[in-house]
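Read through the structure below, which is laid out as structure tokens, and then see the notes.
The values are calculated or read from the model by the stated rules, or taken from the named source; none is laboratory data. Treat the numbers as computed from the prediction; the structure is a model and nothing was measured. Positions of Cβ are backbone-derived with ideal geometry, glycine not excepted, and every protein chain shown enters the neighbour counts. To get the accessible areas, we keep the full protein, side chains included, count just its heavy atoms, and leave off ligands, DNA and RNA. Shrake-Rupley method; radii C 1.70, N 1.55, O 1.52, S 1.80 Å.
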Amino acid sequence: MPELPISEENLLRPQSPYAISKVQADYLMRGYHNIYGLKAIVSRSFNTEGAGRGNMFVTSIIAKQVMKLKLKESSKVLIGNVNAFRDWSHIDDIVKGYCLLAEKGNAGEVYNQGSMRTNSVLSYILLALESAGWRVEKIETINETNRKTVLDPLQRNNDEMFGLSFDKTNVDQLLLTDELEFALEDEGIWVYTDKGKIPIEFDSRRFRPAEVPILLSDTRKIRQLGFEVSHKLGDIIKDELNFYLKPSGRF
């Protein structure tokens, strides 16, 4: 069984140099508290998103490409692993959590911060297209061998998974229940919309050598202090898309 949702007691298993650096900082702060009495609190923030997010992160990569499509400066989306699930939070919610921890958190303790929902990279792309003005009707793999097709991929549901009820899409549901998976040999995905077909092409260079398949936070500890999530996934997507409409955010 997957260790989901991820609580503060879960074992730390970093899968990249970046993640290893986060774990080192985690132990460093707790060490300073335990050894020297420093009033340090560890916040483990899951994926934090917002307008102006660095161009090396997948949400900005998606938003930038979708806006290029909208402005007719590109004809496709190029991406890596679309099966990965992430717990995306709006930066405003995370900063609100930092302030709450500074005021009410217990020194030396660890608090998760996240949305307590998880959605796939593929859903992020499709929802970004929807937010930018396309109505997504169907998706299917570009490679016709063993073709995979999903009708109405953005249909929403709140079915319980991992002991939680959270907003997800039809394609999320299929991926989470192992009824669907996309591989490099599928070459990519055709997105059928009310304005024609859009190709999502898979780029082997963008697949990580080690990938965490699902991130889903358990934030019950910080919620006991009064924390609440104010932003939906759609709010994050709109903010990131709108950033690329401003001169400062252009390509």
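Once the stretch 1-23 is narrowed to residues that are open to solvent by less than 70 Å² (accessible area, probe 1.4 Å), of a type outside the set (Ser, Thr, Tyr) and not in a loop (DSSP other than H, G, I, E, B), the residue that is modelled with the lowest pLDDT is Ala19. Filtered by the rule that a residue be under 13 Å from the mean Cα position of the chain (by Cα) and either of a type in the set (S, T, N, Q) or closer than 16 Å to Tyr98 by Cβ (or both), the stretch 34-53 gives Ser45, Phe46, Asn47, Thr48, Glu49, Gly50.
Taking interchain pairs and intrachain pairs at least six residues apart, which have beta carbon atoms under 7 angstrom, with the first residue in the stretch 168-184 and in contact (Cβ under 8 Å) with a residue 12 or more places away in the chain and the second charged (D, E, K, R)? Filtered contacts from the stretch 168-184: Thr169/Arg156; Asn170/Asp152; Gln173/Asp159; Leu175/Glu181; Leu180/Lys148. Applying the criterion of being under 20 Å from Ile222 (Cβ atoms) and part of a loop (DSSP other than H, G, I, E, B) to the residues of the stretch 24-47, the residue that is most open to solvent (accessible area, probe 1.4 Å) is Lys39. Residue check: is Ile94 at negative phi, touching a helix residue (DSSP H, G or I) at 6+ places or on another chain (Cβ under 8 Å), open to solvent by less than 30 Å² (accessible area, probe 1.4 Å) and part of a helix (DSSP H, G or I)? So Ile94 fails the test.
When only residues in the stretch 10-49 that are charged (D, E, K, R) and touching an Asp or Glu at 6+ places or on another chain (Cβ under 8 Å) count, which is farthest from Arg208 (Cα to Cα)?
Ranking the qualifying residues of the stretch 10-49, first place goes to Arg44.
Taking every residue in the stretch 196-207 that is farther than 15 Å from Asn143 by Cβ and pairing it with any residue that is surrounded by 14 or more Cβ atoms within 10 Å (Cβ to Cβ) and of a type in the set (S, T, N, Q), at least 6 positions away or on another chain, the pairs with Cβ-Cβ distances below 8 Å are Arg206/Asn81; Phe207/Asn81.
Among residues of the stretch 103-120 that are free of Cβ contacts under 8 Å to residues at least 12 places away in the same chain and closer than 22 Å to Lys232 by Cβ, none has a Cβ under 9 angstrom from a residue that is assigned to a loop (DSSP other than H, G, I, E, B) and open to solvent by less than 10 Å² (accessible area, probe 1.4 Å) at a sequence gap of 6+ or on a separate chain. Restricting attention to the stretch 99-117, does a residue exist that is within 30 Å of Lys197 (Cα to Cα), in contact with an Asp or Glu (Cβ under 8 Å, 6 or more places away or on another chain) and either modelled with pLDDT of 95 or more or not basic (Lys, Arg) (or both)? Yes, because at least one residue in the stretch 99-117 is within 30 Å of Lys197 (Cα to Cα), in contact with an Asp or Glu (Cβ under 8 Å, 6 or more places away or on another chain) and either modelled with pLDDT of 95 or more or not basic (Lys, Arg) (or both). Can you spot a residue in the stretch 134-154 that is surrounded by fewer than 22 Cβ atoms within 10 Å (Cβ to Cβ), β-branched (Val, Ile, Thr) and assigned to a loop (DSSP other than H, G, I, E, B)? Checked the stretch 134-154: at least one residue is surrounded by fewer than 22 Cβ atoms within 10 Å (Cβ to Cβ), β-branched (Val, Ile, Thr) and assigned to a loop (DSSP other than H, G, I, E, B).
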